[in-house]
Structure formats: C-alpha cells, structure tokens
Ligand SMILES: C[S@@+](CC[C@H](N)C(=O)[O-])C[C@H]1O[C@@H](n2cnc3c(N)ncnc32)[C@H](O)[C@@H]1O
C-alpha cells in the first residue's frame, strides 16, 4: 500500500480518517501492517493490500491469510481481533495465495487493450480519462486498471475477492495505481471525490445491483462520468433466452462444485458452444459473407473476435457465481435516470455498456 492511498480512504464504519501502523515496509509501500481508526476499528494490510472488510466478510480474510495472523499475533491489538481462532489458523497455514480462477488468466496485453477499447466505447474517446482520479469498482485481475492507468492521474481499484492480489501483481510497476480488498456495499472511500468511475461486469452479480450502483454515484464528483457494463436480458422469442434459462438451471449444480472441477468442465462446454455457435457464425459471415448476421443476436458471436481461452474463462465465470441479473435497455437506462445522470450513451453487444455524467 502506498501512503497516498490515505488521501482516498476513510473508515467504512464511521467515516473518519485512518492512520497506518507498519510491521514491514519498503521505500514506496507498506508491505504488512494495520490501518487504524479512532473509533476502534483495525484493518490488516497484507502483502501490500489493505483488507478493509467488516462483519462476517472479515473472517474470510483470516482464512485467506492465516500466515499473516500467526506471524504478527503479538503485534495485533487483542480488542481489534477478538474473533480470531489462532489454533484453527495455524492448521490452515498452507492456503493458496490467490483465487483459483484468476490464476488461470494469463497477462495478454493485446487482448486487454482490445477489450478495454470495446468496453469504453460509449465514453467517446479514451483521452477523456486523461489526468483523472479514477475508481475501478470490482477490478478482478486488474486488466482494465492496467489499461486505464496509462491515462489516469491516480487510479484506485478494489475487489471483494482475492483477485486483488493478482491485480496488484499485474500492476506492480504502475506507480499511480492503488488496490484494496472491500465489498462494494461497505466501501471505505471518500465521497464526491472521483472524476471517473467504471465497473465492468460486476453489478449484475450483486444481490441488489442498483444499490451497488447508487453507492458508486455517491463517490463521483459532480460533472464526472460513470461507465457500467451489465448483462442484457433477451426476449422470449430469442434462442438466447432459453440458453440463459438452461445456464441458470445448471448453475444450481455448478455453484456447488469445487473450482478445479468446474474449470475442467468449462473446457468441454466451451468447445461444444464454439462448435455449435461460433464456428458456423465465422463460416457464414467470413466465408459466405452474410453481413446481415452481424446485426443479429447470434449466440456467442462476440467470441469470433477473441482467442478460444476467453470463452473457456467466460464459461467458468458464467457457471461459478451464485446469482446473475439481466436487464433490458429500459431497465438499465432507468438506473441512470433515477440518479439524474445526463448525456447518457448506451451501446449493446454482449451486454449494456452505459455511460452518463453526474449533474
Ligand atoms: C466478471 S469479474 C469482472 C472483473 C473486472 N471488472 C473485469 O472486467 O475484468 C466480476 C468481479 O466482481 C467482483 N465482485 C462481486 N461482488 C462484489 C462485491 N460485493 N464487491 C466488490 N467486488 C465484487 C468479483 O470478485 C469479480 O472479481
């Protein structure tokens, strides 16, 4: 954690400023330590990343990083970590250092740039990100953080999962980037501060997606823009509608599977989907040049532009989260209208990419 992150964060419980107690630091960063609030809250900084989670979610940090808690037991204030069971942690000490899925994503800068341009199309030119203080909400492996950091003055990024560790790893040479682990519903961020916010493929996984969206709007400076990508719904007349129903049905079982097994099964499903939908689309549009098809909702047509491993990873993504919401154009526009956002730009294809400015 760079000390500059303190300019952006506050205690998620009381909103007061936080201070740092370092256990281990290098010239530029706090490697291990604590964030402290005068209200009595403590948040661990582990492997250079603050883990700012409260309530039940806090316990997941103990499970993810038992080594930290065992190593620094003597330095941790007893009143701040009453709920730790050190005997249990001692047994867990061999846990992996980052979430399973993200370890499967290779760093592929060409692909990342291509994806970034696609998602950011509605903002009307990437130069609009120039010298802005930006928030990446739900950064995953940090691929968009990486691309946006080339334009941003400072970019702050968070994720609920341990994917932030992978995101940190990919962005470690970018000096204007800051990460922390937190839940979108309880963010430790100052209000009205960010000059651009983006959240790509995150809100539709929340139990209450619009509530997450409203939290982000509160962090945005007046006159600044927010870009969101969420899945779109399909009419009952489309084949996609039934494919989504089938996916939702299968998710009842797949969400209970171990990650390794699910990732393994994503291969045959992706191969089958590619053969049934993507290959005919490529043949019809590229060999027979039936250009009209590019304007249709042909299932999975987006994957004709990406390497095959993107479909494997997206297949895993589709079957692993416990829930997923989908929106019509009117429904997603209504989010922006209810918060009085102006100059709204919306584009389809694979989902809604929607941008608007706060008044
Ligand atoms: C499909 S990934 C997208 C990641 C990234 N935005 C991208 O486009 O590569 C969805 C991400 O949302 C994160 N997420 C889900 N619920 C969240 C929450 N309540 N708070 C913060 N992040 C959350 C997940 O951990 C996951 O990394």
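What follows draws every value from the coordinates through simple rules; no lab data is involved. Computed from a predicted model, the values in this text were never measured in an experiment. All Cβ positions, glycine included, derive from the backbone under ideal geometry; neighbour counts span all protein chains shown.
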- Message: Debye calculation, C-alpha points only, no solvent: report log10 I(q)/I(0) for region 1-86 at q = 0.12, 0.14, 0.22 Å⁻¹, in the same order as the q values.
- Response: -0.32, -0.44, -1.14
- Helix 109-119: angle to the longest alpha-carbon principal axis of the chain, degrees 0 to 90, nearest 10? 70 degrees
- Message: Using only the alpha-carbon atoms of region 163-208 as identical scatterers, what base-10 log of I(q)/I(0) does the Debye formula give at q = 0.20 Å⁻¹?
- Response: -0.94
- Message: Taking the beta-carbon count within 10 Å as an exposure proxy, list 314, 108 from fewest neighbours to most.
- Response: 108, 314
- Cβ density ranking, 10 Å radius, fewest first, applied to 21, 143 yields 21, 143
- Query: Per residue, what volume in Å³ does the convex hull of the Cα atoms of region 270-326 enclose?
  - Reply: 81 Å³
- Calculate how steeply helix 239-254 sits against the longest principal axis of the alpha-carbon atoms of the chain, using the helix alpha-carbon long axis, and give the answer as 0 to 90 degrees to the nearest 10. 40 degrees
- Note on the structure: Rg (one decimal) and Dmax (whole number) from the Cα set of region 242-359, in Å, equal 17.2, 48
- For the chain, modelled as a GNM with alpha-carbon contacts under 10 angstrom, which of 119, 303, 86 fluctuates the most? 86
- What angle, in degrees between 0 and 90 and rounded to the nearest 10, separates the Cα long axis of helix 259-273 from the longest principal axis of the Cα atoms of the chain? 20 degrees
- Query: Which whole-number value in Å³ per residue fits the convex hull of the alpha carbons of region 199-267?
  - Reply: 141 Å³
- Item | the chain - mean residue ellipticity at 222 nm from DSSP helices (-39,500 (n - 2.57) per run, n ≥ 4, rounded to 500) | -9000 deg cm²/dmol
- Taking every C-alpha to C-alpha distance in the chain and binning by 10 Å from 0, the per-bin percentages run 5, 23, 32, 25, 12, 3, 1, 0
- Message: Which residue fluctuates most in the GNM of the chain (Cα springs below 10 Å): 55, 223, 348?
- Response: 55
- Spacing of the two label points (7 Å from each Cα toward its C-beta) at residue 150 and residue 57, in nm: 3.1 nm
- Task: Mind ranking 252-258, 274-280, 1-7 by how tightly packed they are, going by the mean number of other C-beta atoms within 10 angstrom, highest first?
- Result: 1-7, 274-280, 252-258
- Just 63, 128, 292 to compare: in a GNM of the chain, with alpha carbon springs under 10 Å, which one fluctuates most? 292
